[in-house]
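So the structure is just underneath, and the comments pick up after that.
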Amino acid sequence: MSDEFPAELAEVAAAGWRRQIVARNDRDSAALAARFTAYGLHPIVLKGPATRAALGEASERTSSDVDLLVGPAEFNAAERLLRSVGYRRVKGVHADTWWAPGQPDVDLHWTIPRVGVDARRVWEVLDSCRVPLLVGDGQGSPGGQGGRIEVLAPGPRLVHLAIHATLDATGRPQDDLRGAAARLTPADWEAAATVARDLNVAESVAWALASVGLDADAARFGRPHLEPAMPHEAGFVAFVRSRVHWRERLRRQQRLTEKWATWNLGRLGRLVTGRARLNQRIAMRLRGRP
């Protein structure tokens, strides 16, 4: 008898595992959205079940965390809620990552990347584009298997997927973009173009669509051109001239400054306590020096 695991059974096992991850992410998204809503907040689920809905009911696209967008006026309250249930924060540029032992990671967004408007305008535009989505059993009861969440409508959802495709070249965001684009109606495309213009991100969306071979659809958004959000994307001069909003750059610089300050405070602390000299002696001993 062969000791090799049959390929057919391996595929069945992998498919079952994907379904388990999808079901868990649906439950986590619904539970967190319900918790936020009970706290008086109005979150929009950006990815996970929202992306799967864009790809079709049979999609088994996995997702391990929960991405929520809240308005600037509700962001502090959302932070307090997550802290109250044991979450800790890792600061980001357009979203902070929150984690807690045994709980799903949460990316709490106050804006989205690549856009050329501030966070209040982002919320104003996207808040008007929300639609309900039932996930799992749709009941939303404690211990249940799903519930009702709110996601972006298909057109605005495609804009977000396109932005994601400009930031991640691993291939999966590009597949998501193609799959979602294939399901849009003419009205959805019109809504997508309007939202992209309102967010000042239309040319970058056109660039993302053209990069996956959807040139005809890209033409709806104007000239394909990636507005750089980082210097390495098009050089420092293009980065400085980019219409990507300066507040995003300020947040990125703020995060870099915080990391630099934390590192230097750690160095200062080691000098004051003598740990720096101890670390040096240990390193010298490991290198075989007296």
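The values are calculated or read from the model by the stated rules, or taken from the named source; none is laboratory data. These numbers come from a predicted model, not from an experiment. Quick reminder, even Gly has a Cβ in these numbers, built from the backbone with ideal geometry, and neighbours come from all protein chains shown. Areas reflect the complete protein model, heavy atoms only, side chains present, ligands, DNA and RNA absent. Shrake-Rupley method; radii C 1.70, N 1.55, O 1.52, S 1.80 Å.
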One finds, for Thr185 and Asp127 with R0 = 30 angstrom and r their Cβ-Cβ distance, a FRET efficiency to the nearest 0.05 of 0.85
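By the scheme Lys and Arg +1, Asp and Glu -1, what is the net charge of all other residues having a beta-carbon under 12 Å from that of Arg24? Present the calculation step by step, with values, prior to reporting the outcome.
Working: positive: Arg18, Arg19, Arg27; negative: Asp26, Asp28, Asp65.
With Lys, Arg at +1 and Asp, Glu at -1, the net is 0.
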Extend 7 Å from the Cα of Met230 along its Cα-to-C-beta direction; within the stretch 95-122, residues with backbone N under 14 Å of that point are 113-114
The simple spin-label model distance between Leu250 and Glu150, using points 7 Å out along Cα→Cβ, in nm, is 2.8 nm
Expected vector for the stretch 113-118, Karplus 3J(HN,Hα) from phi with 6.51, -1.76, 1.60 and θ = phi - 60°, integer Hz, x for Gly and Pro, equals x, 6, 6, x, 10, 7
Around Ala54 (Cβ within 9 Å, Cβ-to-Cβ, excluding Ala54; K/R +1, D/E -1) the net charge comes to +2
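Counting only protein heavy atoms and using a 1.4 Å probe, what share of the accessible area of the stretch 37-160 belongs to carbon plus sulfur, as a whole percent? Provide the component values of the computation, followed by the final result.
Numbers: 2570 of 5300 Å².
Here carbon and sulfur together make up 49 percent of the probe-accessible area.
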Expressed in nanometres to one decimal, the distance between label points 7 Å along Cα→Cβ at Ala261 and Ala73 is 3.0 nm
